[in-house]
Amino acid sequence: MDTSKITKKFKELYGSEGVAYTSPGRINLIGEHTDYNGGFVLPGAIDKAIYCVIKPNGTAKVRAYAPDENPEKVKLSSEFGLTEADKPAERWAQYIFGVVREMQKRGASIPGFDIVISGDVPLGAGMSSSAALESCVGFALNDTFSLGFDRMQLALIGQATEHNYVGVKCGIMDQFASCFGKEGSLIRLDCRSLEYEYFPFDPKGYRLVLINTCVAHMLGGEYNERRESCERVVAEIAKLHPEVKFLRDANREMLDEVAAKVTSLDYIRAEFVIEEIARLLATCELLKKGDYEAAGRKMYETHTGLSLKYTVSCPELDFLNEKAKQYGVAGSRVMGGGFGGCTINLVKDELYDNFIKNTVAAYEKQFGISPKVYDVVIKDGARKL
Ligand code: GLA
């Protein structure tokens, strides 16, 4: 994205030049709803990002402006103080406020500042626009005020912002990917130990493409409910196996031992998570061998699990998944939290054009809207521009 517009807007609004920062959205190849269960994920940062321009303003207030917000519905500007009582009314500004507050809770002293925010991560598409915003603001404040947080702390600050100021009890994947992204690499993160490994990803002869259903998803209650299901199952298993702290620490036998103690809904959700953690590890081995067809079959298995067991798909996503199968795509599945957003597809070069053309046409016919198509480019994480 060309940042000259927001740089200019900053000067126009606040009368001087600010400094620009950016932090990207993410994809996740496989490993969904595993992060808050202490499992593994395999995300990468993408070439769609949030940008900000920032400068201290010598007051105890924040003046913020977000020109991309739809002017019919929300206010583009917001002004707020820096204490807990000052939470702004505008939802987009609450992310900035939350990051400030979480930094203060960790001992940071943050004076007032001016900020302009913009970006090209599609909202509600499962590419983590909110984590990109949190990471961008966190990275910018950390640098501007020399706060001394490292990238992992910035990711955790973004996650805590979701928990405490947005109401989504998310895992660490999105903020981690936004802060740690590296051009050309996926990152295998162990969400229990927070150890990670860069995983060079250059699937020769294949392309990764996202297809956006344009069903906007807003994570909230249904996401949190699934997390609670997992936690209830862990609590039962831990009565018999105190070493089990997350579903990551459990196995199928342990799950079966508590089958009579948990609801069938909780059981089936936990079953999906235990399978998905194993599936990610198996997929990483297949990727190392360059067996993209077999890795793709794992992605289809994930879709089936997310659709039938974890029930976070929707008719539009299932339709796109079926089309991928029909046109010979190696792997396809709903990506991110679910309930809308995108499918991620691993497709052979020679099948790409036919798949996209026919799928877009079929989707338009079925649902009366055009799905959006994005080729995935894996890029660096949060940085100063
Ligand atoms: C959302 C959350 C992540 C993760 C995914 C599902 O993107 O923010 O923490 O749980 O859903 O894998």
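The values are calculated or read from the model by the stated rules, or taken from the named source; none is laboratory data. If you're wondering where the values come from, they're calculated on a predicted model, not measured in any experiment. A quick note on method: Cβ atoms are made from the backbone with ideal geometry, for glycine too, and the neighbour counts reach across all protein chains shown. What goes into the accessible areas is simple: the full protein's heavy atoms, side chains included, and nothing from ligands, DNA or RNA. Shrake-Rupley method; radii C 1.70, N 1.55, O 1.52, S 1.80 Å.
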* Pull up the cross-link candidates among the lysines for Lys239, meaning alpha carbon to alpha carbon under 23 Å and not fewer than 8 places away within one chain. => Lys261
* Asked: Using mean Cβ contacts within 10 Å as the protection proxy, how do 325-337, 19-31 order, highest first?
  -> 19-31, 325-337
* Asked: In degrees from 0 to 90, rounded to the nearest 10, what is the angle of the helix 151-161 Cα long axis to the longest principal axis of the chain?
  -> 90 degrees
* Select from Gln175, Gln159, Gln366 the residue whose mean-square fluctuation is largest in a Gaussian network model of the chain (Cα-Cα springs shorter than 10 Å). => Gln366
* Asked: Arg383 accessible area, nearest 10 Å², 1.4 Å probe?
  -> 90 Å²
* Please calculate the 1.4 Å probe accessible area of Arg63, with all protein chains present, and give it to the nearest 10 Å². => 90 Å²
* Which value in deg cm²/dmol, rounded to the nearest 500, describes the helix-derived mean residue ellipticity at 222 nm for the chain, given -39,500 (n - 2.57) per DSSP H run of n ≥ 4 and division by the residue count? -> -13000 deg cm²/dmol
* Over segment 12-135, average the accessible area per residue using a 1.4 Å probe and give it in Å², no decimals. => 34 Å²
* Structure fact -> So the number of lysine pairs in segment 4-202 with alpha-carbon atoms under 14 angstrom apart, 8 or more residues apart or on different chains, is 5
* Taking Cα atoms, how many degrees apart are the long axis of helix 129-144 and the longest axis of the chain, rounded to 10 and kept between 0 and 90? -> 40 degrees
* To do: Would you mind calculating the relative contact order of segment 4-202 from Cα pairs under 8 angstrom and at least 6 residues apart, reporting the percent as a whole number?
  => 27 percent
* Asked: Nearest 10 degrees, 0 to 90: what angle lies between the long axis of helix 4-14 and the longest principal axis of the chain (Cα atoms)?
  -> 40 degrees
* Taking GluC sites (Glu not before Pro) as candidate sites, keep only those in a DSSP loop with at most 14 other Cβ atoms within 10 Å, then name the longest stretch of the chain containing none of them. => 244-385
* To do: Name the shape class, rounded, prolate or oblate, that the alpha-carbon gyration tensor gives for segment 118-170, where a ≥ b ≥ c are the square roots of its eigenvalues, rounded holds for a/c under 1.5, and otherwise prolate holds if a/b is larger than b/c and oblate otherwise.
  => oblate
* Mind checking the log10 I(q)/I(0) for segment 4-202 at q = 0.19 Å⁻¹? Debye, one equal scatterer per Cα, no solvent, two decimals. -> -1.35
* Using only the Cα atoms of segment 234-366, what do you get for the radius of gyration and for Dmax, in Å? -> 17.4, 54
* Structure fact -> Ranking His163, His303 from most to least accessible area with a 1.4 Å probe gives His163, His303
* Structure fact -> Once the mean of 1/r over all distinct C-alpha pairs in the chain is inverted, the Kirkwood radius in Å reads 21.5 Å
* Structure fact -> Taking Cα pairs closer than 8 Å and at least 6 residues apart, the relative contact order of the chain in percent is 23 percent
* Remind me, what semi-axes does segment 216-265 give for its equivalent ellipsoid, largest first in whole Å, using sqrt of 5 times each Cα gyration tensor eigenvalue? -> 24, 12, 9
* Structure fact -> segment 97-224: spread of alpha-carbon positions along the three principal axes, whole Å, largest first, is 51, 32, 31
* To do: Please give the net charge around Ser130, taking every other residue with its beta carbon less than 9 angstrom from that of Ser130, where Lys and Arg add +1 and Asp and Glu add -1.
  => -3
* aspartates and glutamates within cross-link reach of Lys365: Cα-Cα under 16 Å, excluding same-chain residues under 8 positions apart? -> Glu316, Asp318, Glu322
* Asked: Protein chains only, probe 1.4 Å: how do Lys384, Lys169, Lys245, Lys309 rank by accessible area, largest first?
  -> Lys245, Lys384, Lys169, Lys309
* Asked: Of all the accessible heavy-atom surface of the chain, with the other protein chains kept in place and a 1.4 Å probe, what percent is carbon and sulfur?
  -> 51 percent
